[in-house]
Amino acid sequence: MKETPMSNCERRFLLRAIEEKKRLDGRQTYDYRNIKISFGTDYGCCIVELGKTRVLGQVSCELVSPKLNRATEGILFFNLELSQMAAPAFEPGRQSDLLVKLNRLLERCLRNSKCIDTESLCVVAGEKVWQIRVDLHLLNHDGNIIDAASIAAIVALCHFRRPDVSVQGDEVTLYTLEERDPVPLSIHHMPICVSFAFFQQGTYLLVDPSEREERVMDGLLVIAMNKHREICTIQSSGGIMLLKDQVLRCSKIAGVKVVEITELIQRALENDQKVRKEGGKFGFAESMANQRITAFKMEKAPIDTSDVEEKAEEIISEAEPPSEVVSKPVLWTPGTAQIGEGIENSWGHLEDSEKEDEDEGGSDEAVILDGVKMDPGVEVSNIGSQDAPIVLSDSEEEEMIILEPDKNPKKIRTQTISATQVKAASKKPVKKRKKKRAAN
């Protein structure tokens, strides 16, 4: 997916703001964005946030054979990945020119500056050495990737601990973290990249450019320096001609910024080490703010439970008394009971359309005989006992109708109703209903 082009109006607005020494996020010309460093549960895992630019750093190690020309030195490998999650313009599975340039700059900044003692990574000369791999993943892109990546790489290397080993003859024993404490890497200094963006052919200068400012800039100058003011590497891109005074001015600014960032890194490492020794909670989950939706915990509000009983008694006293309850259910027939008072049907009368459907039921409609509903083809018989209810059953349907027997049951003759009688009986109530409707 191609990058969304910037309109001419927006471009002119940004350049006009830079000429007036103003920035969209309210920073001054030489101000850095807020830097936040958080560590994971494992050693060598960290996330660095430079404003909205986020980079994940992960360090791993492995015992391998050394290079032939450097038999007593370990191997350092750096890899930066730009995923589509960070920005839609990054294409997966393809190394862009930006990615190649960033990887080369990181190698010159960290490996060629000899910030890590590679000879301390040797286990057996010519046979076994440690290979340290630094993987950097860009999680969100909002400008100045190289500064955030260099900070994440050096922080992850300082935080990493490799397993301890012992050599007895030709045998190399590797100990786990439970058997022996891991060993930190030997780091001489911490080189950090500082980026400078130039506008109007070097007339205006900004530190830590954002993503929109990078689109309208004419050139970029990156200076890698440690807190001792030693320049590790310097790179200029964009095709602009810089004067000697401009480069010296940028180096002085970079020296101040590097000292501030180095102090921040050391303070973050000390705090994490202190928390791990005390047995406190640590990891990415603990570094999240409690106000965010992604937080795993919230602050507990104190609850006063001293006067709970008094409040409960007040609520009970103010509440309405319960309705009367029938102590003994009314037994109408054996096997049935009624609790409470019966209430009339509140669903209302049937609509006219429903009544017409009932009237036009034909032979399937129930027949009203002597106040008792019966289906056609149903035989009514006297069971013989007083307590047993009268059951009307249909051979075609599964419905059972239980009628309440009278106290003095009368003898009822068994009677079979034919289909013609059912039709004749069903026509009579229909005429009565139609007359009632006409009268209404």
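Quantify, in whole percent, the carbon and sulfur part of the accessible surface of the range 105-235 (1.4 Å probe; protein heavy atoms only).
Ligands and nucleic acids excluded, carbon and sulfur reach 42 percent.
Divide the volume of the convex hull of the Cα atoms of the range 1-128 by its number of residues and quote the answer in cubic angstrom per residue.
With only Cα atoms used, the range 1-128 gives 172 Å³ per residue.
Let me make sure I get this right: for the range 76-134, a, b and c are the square roots of the gyration tensor eigenvalues over alpha carbons, sorted descending. Under 1.5 in a/c it's rounded, otherwise prolate if a/b > b/c, else oblate. Which is it?
It comes out prolate by the Cα gyration axes.
Kindly list the residues of the range 49-92 that lie in the label zone of residue 183, defined by a backbone N under 20 Å from the point 7 Å along the Cα-to-C-beta vector.
59-67, 70-77
Compute the length gained on full extension between residue 277 and residue 16: take 0.36 nm times their separation in residues and subtract their Cα-Cα distance, giving the result in nm to one decimal.
Stretched out fully, the residue 277 to residue 16 stretch lengthens by 88.7 nm.
Starting from the Cα-Cα distance between residue 256 and residue 215, subtract it from 0.36 nm times their residue separation and give me the gain in nm to one decimal.
Extra length from residue 256 to residue 215 when fully extended: 12.1 nm.
Tell me, how many Å apart are the Cα centres for the range 165-184 and for the range 37-98?
The two parts, judged by their Cα centres, are 26 Å apart.
Which whole-number percent gives the relative contact order of the range 140-255, counting Cα pairs below 8 Å spaced six or more residues apart?
The normalised contact order for the range 140-255 reaches 22 percent.
Given H placed 1.01 Å from N in the peptide plane, which residues other than close sequence neighbours of residue 116 have an amide H under 5 Å from its amide H?
Amide H neighbours of residue 116, under 5 Å, 5+ apart: 188.
Averaged per residue, what accessible area in Å² does the range 139-197 show with a 1.4 Å probe, protein chains only?
Value for the range 139-197: 40 Å² per residue.
Taking Cα centroids, how far is the range 232-286 from the range 126-148 in Å?
Taking the Cα centre of each part, the range 232-286 and the range 126-148 sit 15 Å apart.
Would any residue of the range 11-37 have its amide N under 13 Å from a label point 7 Å out along Cα→Cβ of residue 249? List them or say none.
Answer for the range 11-37: 29-30.
Assuming 0.36 nm per residue, please report the length gained on full extension of the stretch residue 312 to residue 60 beyond their Cα-Cα distance.
Taking residue 312 through residue 60 to full extension adds about 84.7 nm, to one decimal.
Provide the convex hull volume over Cα atoms per residue for the range 137-181, in Å³.
With only Cα atoms used, the range 137-181 gives 111 Å³ per residue.
Order 314-320, 95-101 from most to least packed using the mean count of other Cβ atoms within 10 Å.
Top to bottom by mean Cβ count within 10 Å: 95-101, 314-320.
Ignoring ligands, DNA and RNA, what accessible area per residue does the range 1-68 give at 1.4 Å, in Å²?
Value returned for the range 1-68: 63 Å² of accessible area per residue.
Take the alpha-carbon centre of the range 101-121, take the same for the range 1-36, and report the distance between them in whole Å.
Using only Cα atoms, the two centres lie 32 Å from each other.
Suppose a student asked you for the relative contact order of the range 150-211, using Cα pairs under 8 Å spaced at least 6 residues apart; what percent would you report?
The value is 29 percent.
The values are calculated or read from the model by the stated rules, or taken from the named source; none is laboratory data. All values derive from a computational prediction rather than experimental measurement. All Cβ positions, even for glycine, are placed from backbone atoms using ideal geometry, and neighbour counts span all protein chains on display. Calculation scope for accessible area: heavy atoms of the full protein, side chains included, ligands and nucleic acids excluded. Shrake-Rupley method; radii C 1.70, N 1.55, O 1.52, S 1.80 Å.
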